[in-house]
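To start, the structure itself, in structure tokens.
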Amino acid sequence: MASEEKTFKDVEQTQIPDTYQDPTVRKVITEKDLHKMVWRSLMLQSSFNYERMQGGGWTYSLIPGLKKIHTNQKDLGYSLLDNLQFYNTHPFLVTFIQGIIIAMEENKENRSTIRGIKVALMGPLGGIGDALFWLTLLPITGGIGVSLSEQGNIFGPILFLILFNAVHFFLLFWLMDYGYNTGTRAIATMREKTQEISRAATMIGLAVVGGLTASYVKFAFTGTNNVVAIGKMKMNIQTGIIDKIMPALMPVAYVFFCYWMLKKGRSPLTLIGITLLIGLVGAAVGLFAWPAVIK
Amino acid sequence: MHDVTIWQALLVGLWAGIAAIDQFNGLTHIHRPIVTGAVIGIILGQPTTGIITGGTLELVWAGMVPLAGAQPPNVVIGGVIGTLFAILSGLSPTTAVGVAVPFSVAVQALITLLFTGMAPVAHAMDVAGLNGDTKRLDWMAWIEPAILFVGFFIMGFLPALFGQNVITPVVKSIPRWILGGFQAAGGIMPAVGFGMLLKIMWKIEYAPFFVAGFIAAAYLHMEILPIALLAAAFAAYDYFANQNRKSSGGGGGQTVPAGPTTDDDEEDYSNGI
């Protein structure tokens, strides 16, 4: 395997192919592999950053499976690169998507289909997870624990941990098996309808990305110096002008600016630099809000 | 009033570091104030005060959870510092909250900085990925947890060793515009990720779905789940409409356009006509 080492430039010029060098389908994933990936899913947010969010951790948790499935080094490289892209879902529900995706990878589904399903599932499960765990499970188990803690009882924290993690780990393992079996079963149908499913998944995926653009990207001039004077009139740039034109105008404009720059072959690293500069300069001149005064 | 041994301070730092990892990885929730309070209390030899303070801080942070990736005031440092000062300065648990919150707001800004600064690492991972180098990806996954551990170790250790009077002015001296700048950049940053997704997925014929999803979220304030379900409904309609067109043999050249980057789909549909 003396192929030369790929560099940043190669990544930028790479078009991930839809099909595989080695399209042979082999059933290689065992129960043990699935469980290995469940444990690894605990590192879902290990490389968290604002650009890709859980993309790195998502890939990290899939590695044992992907390594076994893609014995062709090129296929493995494209699969890893594909999975490293933006990803964000709820950490307690992620194993369900993992199970489905690993079943699809194992069956060598087209990369665009895998990608579409992955993106279409991540947003909805993220929303469900927030409501289910952060706003329901945590307050309930926390509340039970605190009622004991308030009396100085050490069983407060202990009971909290037991209750919380019983649900947590049961879900992680069960959802992985469930997802994998669902994926395997669904694939028989998908085989014949690859094109159609890829099309549908891309449609749903793009709708999700459109929704995420409006709700995830926070680009608003909420600083103290965000007022312009037009003649005698004072206008708030954000609430008076931009929001009047369209809500989330800046986020969608900036997403397409990024898309356009990337299409032109600019490096994403340049875009990160530009974004940092916008943030710092904007904050310095008072367009962006500063954190509260520390007393 | 302030007699923390260096060993105790080290243990506090160690716990802060472990909890810092758990708040993002593992998520066993040993990082919640209810647990941290008890642990810090045991380290400092006052378990009961620790447990009670932890309980109070837990309630304060009950509503402050990471929704849709937004970072609330940092819960780990809130639990550690709050319990620490409640025990060391004899503050009531509720007053300790008042001291802890500004610290956790400052630390939240630092986390924002970390999550912004980690973006280039993702691109180094791309290179490792394209090379199929899973070994490199495996160790790179520990970069951020390691930074979190060291950072929080220091932020637990120093306040434990020096106490509130020394630490508060340091926190205050960080220029606020820099914190604000990183926070703003962090908020905008997902746009770069979405730009990359669009570069892969975008096809002009699917643009209406992007627009519809955007409008549903921006104007109608819909959650992502109903947006995905609506899109699924339209995709299903599209699927059946194409099926009908295929079986009736009509449509002429209007065959189903396939998903992105497929070139040879004509063959698949020619036998339907």
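A short reminder: the numbers here are calculations on the coordinates, not readings from a lab. Being a predicted model, the structure only gives us computed values, none of them experimental. Because the Cβ atoms are built from the backbone with ideal geometry, glycine has one as well, and the counts that use them run over all protein chains shown.
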note = Hydrodynamic calc, the stretch A:220-293: Kirkwood Rh from Cα pairs, then Stokes-Einstein at 20 °C with viscosity 1.002 mPa s, so D in µm² s⁻¹ is 155
task = Provide the per-residue ³J(HN,Hα) series for the stretch A:200-215, in order, calculated from phi with Karplus coefficients 6.51, -1.76, 1.60 and θ = phi - 60°, each as a whole number of Hz, with x at glycine and proline positions.
result = 4, 5, 5, 4, 5, x, 5, 4, 5, 4, x, x, 5, 4, 6, 9
query = Whose amide H sits under 5 Å from the amide H of residue A:227, counting only residues 5 or more places off or on another chain, with H placed in the peptide plane?
reply = A:237
task = Starting from the Cα-Cα distance between residue A:178 and residue A:277, subtract it from 0.36 nm times their residue separation and give me the gain in nm to one decimal.
result = 31.1 nm
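Could you order peptides B:195-204, A:88-97 by the average number of other Cβ atoms within 10 Å of their residues, highest first? Each step should come with its number before you reach the end.
Numbers: B:195-204: 18.9, A:88-97: 24.3.
So the order, starting with the most tightly packed, is A:88-97, B:195-204.
Would you mind giving the mean number of other chain beta-carbons within 10 Å of the Cβ of each residue in B:33-40, as a whole number?
Counting Cβ atoms of other protein chains within 10 Å of each residue's Cβ and averaging gives 5.
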request  = Return the long-range amide H neighbours of residue B:25 (sequence gap of 5 or more, or a different chain), with a cut-off of under 5 Å between placed amide H atoms.
outcome  = none
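Just list whichever of A:74/A:263; A:6/A:193; A:74/B:246; A:193/A:263; A:9/B:246; A:108/B:203 have alpha carbons separated by over 32 Å in the model shown. Working shown, then result.
Numbers: A:74/A:263 24 Å; A:6/A:193 35 Å; A:74/B:246 37 Å; A:193/A:263 30 Å; A:9/B:246 43 Å; A:108/B:203 23 Å.
Where the Cα-Cα span goes over 32 Å, the pairs concerned are A:6/A:193; A:74/B:246; A:9/B:246.
Would you kindly work out the equivalent ellipsoid of the stretch A:196-243 from its C-alpha gyration tensor and give its semi-axes, the square roots of five times the eigenvalues, largest first in whole Å?
Numbers: eigenvalues 301, 22, 4 Å².
After diagonalising the Cα gyration tensor, the semi-axes are 39, 10, 5 Å.
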request  = Treat each spin label as a single point 7 Å out from the Cα along the C-beta direction, and report the residue A:169 to residue A:73 distance in nm.
outcome  = 3.9
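Tell me what the protein assembly as shown gives for mean residue ellipticity at 222 nm when only DSSP H runs of n ≥ 4 count, each as -39,500 (n - 2.57), the sum divided by the residue total, rounded to 500 deg cm²/dmol.
Working: 25 runs with 375 residues, N = 568.
About -21500 deg cm²/dmol.
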Top of A:79, A:198, A:267 by mean-square fluctuation, Gaussian network on chain A, Cα under 10 Å = A:267
key: For chain A, convex hull of alpha carbons as volume per residue, Å³   = 196
query = If you count, for every residue in A:281-290, the Cβ atoms of partner chains within 10 Å of its Cβ, what is the mean?
reply = 5
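Per residue and in Å³, how big is the convex hull formed by the alpha-carbon atoms of the protein assembly as shown?
Working: hull volume 92.8 nm³, N = 568.
Spelled out: Cα convex hull of the protein assembly as shown, divided by residues, is 163 Å³.
Assuming R0 = 41 Å, what is the FRET efficiency of residue B:173 and residue A:236, from their Cβ-Cβ distance, to the nearest 0.05?
On the way: r = 31 Å, r/R0 = 0.76.
After rounding, the FRET efficiency stands at 0.85.
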